[in-house]
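The values are calculated or read from the model by the stated rules, or taken from the named source; none is laboratory data. Predicted model only: the values in this text are computed from it and were never measured. Positions of Cβ are backbone-derived with ideal geometry, glycine not excepted, and every protein chain shown enters the neighbour counts. Each accessible area value is taken on the protein alone, full model and side chains, heavy atoms only, with ligands, DNA and RNA left out. Shrake-Rupley method; radii C 1.70, N 1.55, O 1.52, S 1.80 Å.
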Amino acid sequence: MASDKKDEPKSRRDFLNLTAGAMGAVGIGSAVVPLIDSMNPAADTLAMSTTEVDISNIAVGETKVVKWQGKPVFIKHRTAEEIAEAKDINLDDLRDPQTDTERVQKEQWLVVIGICTHLGCIPQGNKSGQPKGDFEGWFCPCHGSHYDTSGRLRAGPAPKNLPVPPYSFLSDTLIRIG
Amino acid sequence: MTASKKPKSDFKNPVVKWVDERLPIFTMMEKEYGAYPTPKNFNYLWNFGAIAMVMLMLMIATGIFLAMNYTPHIDMAFNSVERMTRDVNYGWLLRYLHMNGASFFFIAVYIHIYRGLYYGSYKKPRELLWIFGVLIFLLMMATAFMGYALPWSQMSGWGVNVITNLFSAIPFVGDSIVTWLWGGPAVGNPTLNRFYALHYLLPFVIFAVIFLHVWALHISGSGNPTGIEPKTEKDTVPFHPYYTIKDTFGLGVFMFIFMAVVFYAPLALTHSDHFKQFDSMVTPEHIVPEWYFLPFYAILKSFTSDITIPLTGYMFDNALVFTAKLQGVIAMFGSILILFVLPWLDTSPVRSARYRPLYRISVYLLLLSMIVLGYAGSQPAEGLMLTLSRLGTGYYFMHFIVIVPFLSKHEKTLPVPKSINDSVIQAKGSK
Amino acid sequence: MINLYQKYFAIVLTALFVFTPVAVFASSDNSHHPMAQSWPHKETFGTYDKPSLQRGFQVYREVCAGCHSMNLLSYRNLAEIGFTADEIKAIAAEDNVMDGPNDEGEMFERPARPSDRFKAPFENEAQARFGNNGAYPPDLSLLVKARHGGEDYIFALLTGYDTPPAGETVRDGMYWNKYFKGNQIGMAPPLSSGLITYSNGKSASLEQSARDITQFLAWASEPNMEERKKMGLKVLLFLLVFSVIAYTAKRRIWAKIH
């Protein structure tokens, strides 16, 4: 009796089973989305995005490090010599070609995120006594990347220049990062 | 050749075959969840084991992601929970799933347990299976209680305070035990930290005990509404697809009800004091546990007078006082612990309440007493409510200690069908 | 015989669902029970009344914020009730919040930004109590969820000030409120007819402003409600279809048994 009516409804049964299975898979799949998405930055984290910095007390040749979104930002008051060095360069020599003017708003002020683009260490060179690398900018102690006075990668394993965060001059002595 | 000893696998998929020949998990799954012969007369009450399992997995999944946003510190816990509800992506959803998931996990488990009571699922040879089940229930209660503490609300903090204080009823060492539980002179940060650690740990312990529970189940085989064992192949069907599809349907309906609560009445089972931060200086006016603890809470509250045993001059200098507090604590824990010995209290050869007219009445009354206790537990222990709690408590223990052993010996049971297949045919015929 | 056990199962389930969510409260004093009001957002698929929330925010800002904090809310959250980014910036900038320390190690005040939390009127609980005759104005962020009776209670409380009945005396610095437990409340009647002038130029009645602030507080305590209800509909529809298909498949698979 079981085998009598086996043939006819079989395809319909298969279709139903398939649909139920597919829907189950979709259901579980959509249930996973909220779990994964909960690990993305939360709304309050995303909202905390700006930092204001008074730059009046940064002497020529000095660099100030400020925290922005949990990351170090280097604000370098460049000397005339450093500016000249940054401008005097053959773009073909660069792994990540950028002119100095693309990277600064006022040429005596360089603002970059101080995180090596290789594997995320903080390059040295802000304090006297620290190695500045072969190009008078920064040197990353982790794997030996060298950055110049415009924060551009010149040697070592890093793929990119130090990134420039969004910032604006609120006045001659005040900048807002973010 | 000796190579022929190597286990051969019948699976067609080469990857599955390769794995299976080295570690036969697919063979095992096929045996335990594919071909596994299952009585063909399960009713929908047999869905709730699988549903409870899914609820546990849901609780673990949501819990892990909630933990990623939780700060176990008395000054930050409450706000970190609010932050995850407000700012974390889908945090509100995870929280409401987890909050109400606990309730629905208990609903599934209570139905599962009651089914066991009704159909005598705890009887030989399934005693150990039942004992693992009661153990899971105890672990669940501990886990739920600790989880309730984590938002560090007024209800959390005072719930922790009251329940840990139960242990102070233990003579001589009670107060030291309570201090040890708290990790300080009062409920505080060490308490919250250890509750968090254990709340994260226990679900995995539950998982392990469930493994043993299911293992034991697959040794003895599933019970069924008739309470008689399958005799021939006619009595059983393979687990897949018959019960996989039936469980899937049952799960769909259960999830529908669960989700309706999560999305449209997520706060129906909670309390306004759960949204005030814990204040160790002010106890809320009306403190109640979550609904699933209410019957046991009522048992605790139904003992109000000390019993004094005059032993002066014999063993002790003073009369021995059996405090109301200790009575309540013993009764409350006893009400669960008694389930462990149920297989030896009920020695009736007939399992299912279907064929035990008197046991059936008593087990319904047991359900009624739990509902009455649940209601009384939500009310202040005075007047009518106190009387109801005492009646409910009395009946609860009478059922297990007096009625069940008595009926085991003296009940006139109805004739049991010859086989599962017969009972199915009978039921069909009478429709 | 109809499947008896199925009937019992139904009874058990119904009993569980009916009896378990009980949480009835003893009211031992002569405070009145708040009357049930109709709130659009409490309907099953209801949404918040955004214009009312905005008016409610105005009430909070002009009246409540003098004493009550809302620590869980940030200015940026106002976008959810319909304020534009520029409006929010302007609203935030009206408040000065503490920041720092600066390079000299000093704390300093600056205009608030959208990412800041609502400025609290008092530094801490002790200061709040000192400034309020010993009473502590509770934080309002979760008030609707943290009060039994929710919206109805808050609306009733705000409109429930009265002269005490004969024979009752009100203690110094306290006020008589029909709905407050114990009836003696430390909060002076915060709202009155005509106290608030809404931006459309109309002055608000007591009921109107109480209704608006209550709805604003309801949103503040459950800001994800609309998203929740929207998603819920999809989830329930999905599960409905899924269950029907699973049931049909089950019927078909089981057809050859029995």
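Only strands (runs of 3 or more DSSP E) wholly contained in the stretch A:37-138 count here; list those with 3 or more residues that are in contact with a Lys or Arg (Cβ under 8 Å, 6 or more places away or on another chain), within 14 Å of chain C (Cβ to nearest Cβ) and not small (Gly, Ala, Ser). If you could, list the steps in order and put the result at the bottom.
On the way: elements: A:51-54, A:63-68, A:71-77, A:109-113.
By residue number, A:51-54.
Going through the stretch B:242-284 one residue at a time, which ones are closer than 30 Å to C:Trp254 by Cα, touching a Ser or Thr at 6+ places or on another chain (Cβ under 7 Å) and more than 8 Å from chain C (Cβ to nearest Cβ)?
The one that is closer than 30 Å to C:Trp254 by Cα, touching a Ser or Thr at 6+ places or on another chain (Cβ under 7 Å) and more than 8 Å from chain C (Cβ to nearest Cβ): B:Tyr243.
Please work out which one of (1) at pLDDT 95 or above; (2) farther than 30 Å from B:Trp152 by Cβ; (3) not aromatic (Phe, Trp, Tyr) is the condition B:Val321 fails and give its number.
(1) is the only condition that B:Val321 fails.
If you check C:Lys229 against the conditions, is it surrounded by fewer than 18 Cβ atoms within 10 Å (Cβ to Cβ) and at the interface with chain B (Cβ under 9 Å from one of its Cβ atoms)?
On the way: surrounded by fewer than 18 Cβ atoms within 10 Å (Cβ to Cβ): yes; at the interface with chain B (Cβ under 9 Å from one of its Cβ atoms): yes.
Against the criterion (surrounded by fewer than 18 Cβ atoms within 10 Å (Cβ to Cβ) and at the interface with chain B (Cβ under 9 Å from one of its Cβ atoms)), C:Lys229 qualifies.
Quick check, is C:Tyr179 of a type in the set (Ser, Thr, Tyr), within 14 Å of chain B (Cβ to nearest Cβ), under 30 Å from B:Val81 (Cβ atoms) and touching a residue at least 12 places away in the same chain (Cβ under 8 Å)? First the steps, then the outcome.
On the way: of a type in the set (Ser, Thr, Tyr): yes; within 14 Å of chain B (Cβ to nearest Cβ): no; under 30 Å from B:Val81 (Cβ atoms): yes; touching a residue at least 12 places away in the same chain (Cβ under 8 Å): yes.
Spelling it out, it is not the case that C:Tyr179 is of a type in the set (Ser, Thr, Tyr), within 14 Å of chain B (Cβ to nearest Cβ), under 30 Å from B:Val81 (Cβ atoms) and touching a residue at least 12 places away in the same chain (Cβ under 8 Å).
So which residues in the stretch C:127-163 are in a loop (DSSP other than H, G, I, E, B), open to solvent by less than 50 Å² (accessible area, probe 1.4 Å) and either among the hydrophobic types (A, V, I, L, M, F, W, C) or free of Cβ contacts under 8 Å to residues at least 40 places away in the same chain (or both)? Spell out how you get there, then give the answer.
Initially, the stretch C:127-163 is screened for residues in a loop (DSSP other than H, G, I, E, B), giving C:132-142, C:147-149, C:159-160, C:162-163.
If we keep only those that are open to solvent by less than 50 Å² (accessible area, probe 1.4 Å) too, we end up with C:132, C:134-135, C:137-142, C:149, C:159-160.
C:Ala135, C:Leu140, C:Leu142, listed by residue number.
Need the failing condition index for B:Thr248 against (1) in a helix (DSSP H, G or I); (2) hydroxyl-bearing (Ser, Thr, Tyr); (3) surrounded by fewer than 20 Cβ atoms within 10 Å (Cβ to Cβ), just the number.
(3)
For the structure I just gave you, tell me whether C:Pro223 is part of a loop (DSSP other than H, G, I, E, B) and under 30 Å from A:Val33 (Cα atoms).
Numbers: part of a loop (DSSP other than H, G, I, E, B): yes; under 30 Å from A:Val33 (Cα atoms): yes.
For C:Pro223, the condition - part of a loop (DSSP other than H, G, I, E, B) and under 30 Å from A:Val33 (Cα atoms) - is met.
So, in the stretch B:285-298, of the ones that are more than 10 Å from chain C (Cβ to nearest Cβ) and in contact with a Phe, Trp or Tyr (Cβ under 7 Å, 6 or more places away or on another chain), which residue ends up nearest to B:Phe333 (Cα to Cα)?
B:Pro289
Considering only the stretch C:81-114, state which residues are open to solvent by 50 Å² or more (accessible area, probe 1.4 Å) and assigned to a helix (DSSP H, G or I).
Correct list: C:Ala85, C:Asp86, C:Glu87, C:Lys89, C:Ala90, C:Ala93.
Take the residues in the stretch C:115-126 that are assigned to a loop (DSSP other than H, G, I, E, B) and in contact (Cβ under 8 Å) with a residue 12 or more places away in the chain, then tell me which one is nearest to the chain's Cα centre (by Cα).
Of all residues in the stretch C:115-126, those assigned to a loop (DSSP other than H, G, I, E, B) come to C:115-116, C:118-124.
In the following step, the residues that additionally are in contact (Cβ under 8 Å) with a residue 12 or more places away in the chain were identified as C:115-116, C:118-122.
On the way: C:Ser115: 22, C:Asp116: 21, C:Phe118: 16, C:Lys119: 19, C:Ala120: 18, C:Pro121: 20, C:Phe122: 21 Å.
Result: C:Phe118.
Tell me, which helices (runs of 4 or more DSSP H) lie completely within the stretch B:377-431 with 3 or more residues that are within 12 Å of another protein chain (Cβ to nearest Cβ) and either open to solvent by 20 Å² or more (accessible area, probe 1.4 Å) or closer than 30 Å to B:Glu285 by Cβ (or both)? Even if it seems obvious, please write down each step before you answer.
Working: elements: B:383-398, B:404-410, B:420-430.
Ranges flagged: B:420-430.
Out of all the residues in the stretch C:87-124, which are within 11 Å of chain A (Cβ to nearest Cβ) and among the polar types (S, T, N, Q)?
If the condition is that a residue be within 11 Å of chain A (Cβ to nearest Cβ) and among the polar types (S, T, N, Q), then C:Asn102, C:Ser115 are the ones that fit.
Looking only at the stretch A:143-157, which residues are part of a strand (DSSP E or B), open to solvent by 20 Å² or more (accessible area, probe 1.4 Å) and not charged (D, E, K, R)? Steps first, answer last, please.
Step one: filter the stretch A:143-157 for residues part of a strand (DSSP E or B), giving A:146-148, A:153-155.
Now narrow it down to the ones that are open to solvent by 20 Å² or more (accessible area, probe 1.4 Å): A:146, A:154-155.
Within the stretch A:143-157, A:His146, A:Ala155 meet the criteria.
Under 25 Å from the mean Cα position of the chain (by Cα), surrounded by fewer than 17 Cβ atoms within 10 Å (Cβ to Cβ), at pLDDT below 95 and more than 30 Å from B:Gly34 (Cβ to Cβ), is that true of B:Ala268?
Working: under 25 Å from the mean Cα position of the chain (by Cα): yes; surrounded by fewer than 17 Cβ atoms within 10 Å (Cβ to Cβ): yes; at pLDDT below 95: yes; more than 30 Å from B:Gly34 (Cβ to Cβ): yes.
Answer is yes for this residue.
Any residue at all in the stretch A:65-74 that's over 30 Å from B:Trp92 (Cβ atoms) and over 16 Å from the mean Cα position of the chain (by Cα)?
yes
Here's the yes/no breakdown for (1) surrounded by fewer than 18 Cβ atoms within 10 Å (Cβ to Cβ); (2) acidic (Asp, Glu); (3) not in a helix (DSSP H, G or I):
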{"position": "B:Phe42", "(1), (2), (3)": "no, no, yes"}
{"position": "B:Trp46", "(1), (2), (3)": "no, no, no"}
{"position": "B:Ala50", "(1), (2), (3)": "no, no, no"}
{"position": "B:Met59", "(1), (2), (3)": "no, no, no"}
{"position": "B:Leu66", "(1), (2), (3)": "no, no, no"}
{"position": "B:Asp75", "(1), (2), (3)": "yes, yes, yes"}
{"position": "B:Val81", "(1), (2), (3)": "no, no, no"}
{"position": "B:Met84", "(1), (2), (3)": "no, no, no"}
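Yes/no per residue for (1) of a type outside the set (A, V, I, L, M); (2) in contact (Cβ under 8 Å) with a residue 40 or more places away in the chain; (3) open to solvent by less than 50 Å² (accessible area, probe 1.4 Å):
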{"position": "A:Thr63", "(1), (2), (3)": "yes, yes, yes"}
{"position": "A:Gly70", "(1), (2), (3)": "yes, no, no"}
{"position": "A:Thr99", "(1), (2), (3)": "yes, no, yes"}
{"position": "A:Val111", "(1), (2), (3)": "no, yes, yes"}
{"position": "A:Thr117", "(1), (2), (3)": "yes, yes, yes"}
{"position": "A:Glu136", "(1), (2), (3)": "yes, yes, no"}
{"position": "A:Pro141", "(1), (2), (3)": "yes, no, no"}
{"position": "A:Pro159", "(1), (2), (3)": "yes, yes, no"}
{"position": "A:Phe169", "(1), (2), (3)": "yes, yes, yes"}
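Here's a check for you: in the stretch B:351-376, which residue that is surrounded by 22 or more Cβ atoms within 10 Å (Cβ to Cβ) and over 23 Å from the mean Cα position of the chain (by Cα) is nearest to the other protein chains (Cβ to nearest Cβ)?
B:Arg354
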